[in-house]
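Asker: My questions all concern the structure below.
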Amino acid sequence: MHRGSSSDAIEDGEITQSIAEHKGCGKSSRSGGVRCGSPAGRSDLPAETWEKVKKHPCYSEHAHHHYARMHVAVAPACNIQCNYCNRKYDCANESRPGVVSERLTPEQAARKVMAVASTIPQMTVLGIAGPGDPLANPEKTFKTFELVHKVAPDLKLCLSTNGLALPDHIDTIAKLNVEHVTITINMINPEIGAKIYPWIFYNHKRYTGVQAAKILTDRQLQGLEMLTRRGILCKINSVMIPEINDQHLVEVSKAVKSRGAFLHNIMPLISSPNYGTVFGLKGQRSPTALELKALQDSCEGELHMMRHCRQCRADAIGLLGEDRSAEFTTEKLATIDIKYDVESRNAYQAKVENDRAAKAAAKHADLVELAVSLGDTKVLVAVATKGSALINEHFGHAKEFQVYELSSGGAKFIGHRRVDLYCQGGYAEEGKLETIIRAINDCHAVFIAKIGGCPRAELIKAGVEPVDQYAYEPIDKSTIAWFKTYLDRVTNGAIKHVERGDAAIRQGALISAA
Amino acid sequence: MPFKIIASQCTSCSACEPECPNVAIAEKGGTFMIDPKKCTECIGHFDEPQCVAVCPVDNTCVLDTSLARYQARG
Ligand code: SF4
Ligand code: SF4
Ligand code: SF4
């Protein structure tokens, strides 16, 4: 299962990666599978694991284009305190809206799940991720899972936890068929932990400092081991905090891998004084895009990296990056006609799988042709997209850009950059453009379906080439085709290849999403 | 002497409610309150008052010094 430097084992099709590794289809893959020959296949994951991830938008980068998840906020209590969280408003990093979201009882939650699953047939995952710690609220969390499993047995159940209470609940998690568990692990060294966690509440006592962090890390790693021994897939979330745990996260990655973790999701710290978090008030900075990518790259050899996390709200609904929770407020739920029909859901999803396989096969054929030697140059490009892996968004309408790294290995997704700044409201277009350029300042080009004259000129001035001749075309094919022309222009002296600078990660409030 | 919850600071996170050994804490219309007749400061149950230890907002679960009982002791 371990695939050296390649991260996207979980991306089905995996065309770009497989070409990067094999440079064509001559060699068989390391695992002995015929990955090139089965472009729509299950990569080299064991069949059982593939079944679990292929429709989970967070566990498979590719699945996130096709499948949706929903979170229900039934669990407001928490048993630890983090310096990046202000429970009074929101947890900016774990995206756990506290007082802002509607809290549901397990019964209300189950009803909501039915309504959403009736409306969105590609909704495959129900997650409980707070706003507090779901395992600090075990009754509510497990009751919800139980009720949902009864009425919607085809939904995957997914749980996020800080891990403190995890070892006590392994049997229940297994019994209720929870297939996916995310543990937030920010350190394995208690000295570092003491800088992140002011206290924990454990065994009826409040612990602080290094002692608290020691208990927390022991419980997290123990829980992780117990879960993976039972075959439950575990994702580890880590918040990257510059100068505190940034270097250390490489150790964390190794430690969780050796205990069987499946996926590692390193998220940037979101820190701003107006969230009122300890870090925010202290002026703790967030990482830049370059720093985040470098850390993700250096952990990549250890285990699969997740790079498409949107740091969603604890009550988010829909495809990642497309929040539909406003359609399903308690008020609106009352008017939704619930027609939960497993068969029609399955039929819909079967069609999705078919389309997915066909697309992957076509993409594979195209890319084999394109991935002729392009040399060692690598560049980043930003893409405005509304989904379906197409360049199909206008520059001016884009709320986020997907960033791809182009190399002889193809176009590799490395993250997204949000540009819907919360504080943007009062700013003029000019200021807005500047923030967009800052967000993609490490990119050589930006691909859009359409762009106006003024932003075009500004982008060119900033050194980012606006590319609109591939409007409504597939991202991977178009970006590589452009990359070829780029390299040609470098070779014939028309342009000079220069390194780009760093980019800023958006500091907008996630609570503004709804 | 009972503890009380300062309502203006409480985030209604509900962490305290299940921890109270005397079921003294309850939610009413979204706000959490301690029933002074039931609260024993956790004496005899735990070393620390549980509501204080688990509450994420410091100084939100505090001794209710306004009560006559407390002042008499004082
Ligand atoms: S926060 Fe990340 S892991 Fe959680 S649902 Fe959103 S994308 Fe998936
Ligand atoms: S001090 Fe103890 S008994 Fe009193 S309300 Fe808090 S938890 Fe309950
Ligand atoms: S733990 Fe504190 S903030 Fe949470 S409900 Fe109790 S008093 Fe309110």
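The values are calculated or read from the model by the stated rules, or taken from the named source; none is laboratory data. Because the structure is a prediction, the values reported are computed rather than measured. Backbone-built Cβ (ideal geometry, glycine too); neighbour counts: all protein chains shown.
Asker: Please identify the pairs in which a residue from the range B:20-34 that is farther than 18 Å from A:F201 by Cβ and part of a strand (DSSP E or B) has its Cβ atom under 9 Å from the Cβ atom of a residue that is modelled with pLDDT of 90 or more and among the β-branched types (V, I, T), counting only partners at least 6 apart or on another chain.
Answerer: B:A26/B:I34; B:T31/B:I5; B:M33/B:I5; B:M33/B:I25
Asker: Sticking with this structure for a sec: Can you work out which of the residues in the range A:202-214 that are within 14 Å of chain B (Cβ to nearest Cβ) and surrounded by fewer than 17 Cβ atoms within 10 Å (Cβ to Cβ) is farthest from B:E19 (Cα to Cα)?
Answerer: A:T208
Residue-by-condition table, conditions (1) within 11 Å of another protein chain (Cβ to nearest Cβ); (2) modelled with pLDDT of 90 or more; (3) closer than 21 Å to A:T172 by Cα:
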position: A:Y89; (1), (2), (3): yes, no, no
position: A:E94; (1), (2), (3): no, no, no
position: A:V99; (1), (2), (3): yes, no, no
position: A:A117; (1), (2), (3): no, no, no
position: A:Q122; (1), (2), (3): no, no, no
position: A:E139; (1), (2), (3): yes, yes, yes
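Listed here are the residues, each with its yes/no results for (1) within 22 Å of A:L303 (Cβ to Cβ); (2) under 20 Å from the mean Cα position of the chain (by Cα); (3) more than 14 Å from chain B (Cβ to nearest Cβ).
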| residue | (1), (2), (3) |
| --- | --- |
| A:L176 | no, no, yes |
| A:V181 | yes, yes, yes |
| A:Q220 | yes, no, yes |
| A:V256 | yes, yes, yes |
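Asker: Looking at the range A:103-113, is at least one residue surrounded by 24 or more Cβ atoms within 10 Å (Cβ to Cβ) and modelled with pLDDT under 80?
Answerer: Taking every residue of the range A:103-113 in turn, none turns out to be surrounded by 24 or more Cβ atoms within 10 Å (Cβ to Cβ) and modelled with pLDDT under 80.
Asker: Then there is this: Which members of the range B:2-15 meet the condition of being surrounded by 15 or more Cβ atoms within 10 Å (Cβ to Cβ) and more than 8 Å from chain A (Cβ to nearest Cβ)?
Answerer: B:P2, B:F3, B:K4, B:I5, B:C10
Asker: Residues of the range A:101-115 being within 13 Å of chain B (Cβ to nearest Cβ) and closer than 20 Å to A:I338 by Cβ, which ones?
Answerer: Within the range A:101-115, A:E102, A:L104, A:T105 qualify.
Asker: Can you tell me how many residues within the range B:39-60 are away from every other protein chain (no Cβ under 12 Å) and more than 7 Å from ligand 2 (Cβ to nearest atom)?
Answerer: Here the count works out to 3.
Asker: Looking at A:E191, A:E225, can you tell me which residue is outside any loop (DSSP other than H, G, I, E, B), away from every other protein chain (no Cβ under 14 Å) and in contact with a helix residue (DSSP H, G or I) (Cβ under 8 Å, 6 or more places away or on another chain)?
Answerer: After applying the criteria, what remains is A:E191.
Asker: What pairs can you find where one residue is in the range B:2-13 and without any contact (Cβ under 8 Å) to a residue 60 or more places away in the chain and among the hydrophobic types (A, V, I, L, M, F, W, C), the other is in a strand (DSSP E or B) and within 16 Å of ligand 1 (Cβ to nearest atom), and their Cβ atoms are less than 9 Å apart, with a gap of 6+ or different chains?
Answerer: From residues that are without any contact (Cβ under 8 Å) to a residue 60 or more places away in the chain and among the hydrophobic types (A, V, I, L, M, F, W, C), the pairs are B:C13/A:P131.
Asker: Out of curiosity, is A:L295 within 26 Å of A:V381 (Cα to Cα), in contact with a helix residue (DSSP H, G or I) (Cβ under 8 Å, 6 or more places away or on another chain) and part of a helix (DSSP H, G or I)?
Answerer: In short, yes.
Asker: Out of the residues in the range A:369-391 that are buried (at least 19 other Cβ atoms within 10 Å of the Cβ) and modelled with pLDDT of 85 or more, state the one that is farthest from A:R456 (Cα to Cα).
Answerer: The residue in question is A:V379.
Asker: How many residues, within the range B:16-38, are among the acidic types (D, E) and either under 22 Å from A:T277 (Cβ atoms) or more than 9 Å from chain A (Cβ to nearest Cβ) (or both)?
Answerer: Within the range B:16-38, residues that are among the acidic types (D, E) and either under 22 Å from A:T277 (Cβ atoms) or more than 9 Å from chain A (Cβ to nearest Cβ) (or both) number 2.
Asker: Can you tell me which residues in the range A:22-53 are in contact with a Ser or Thr (Cβ under 6 Å, 6 or more places away or on another chain) and either modelled with pLDDT under 80 or part of a loop (DSSP other than H, G, I, E, B) (or both)?
Answerer: Result: A:R35, A:C36, A:D44.
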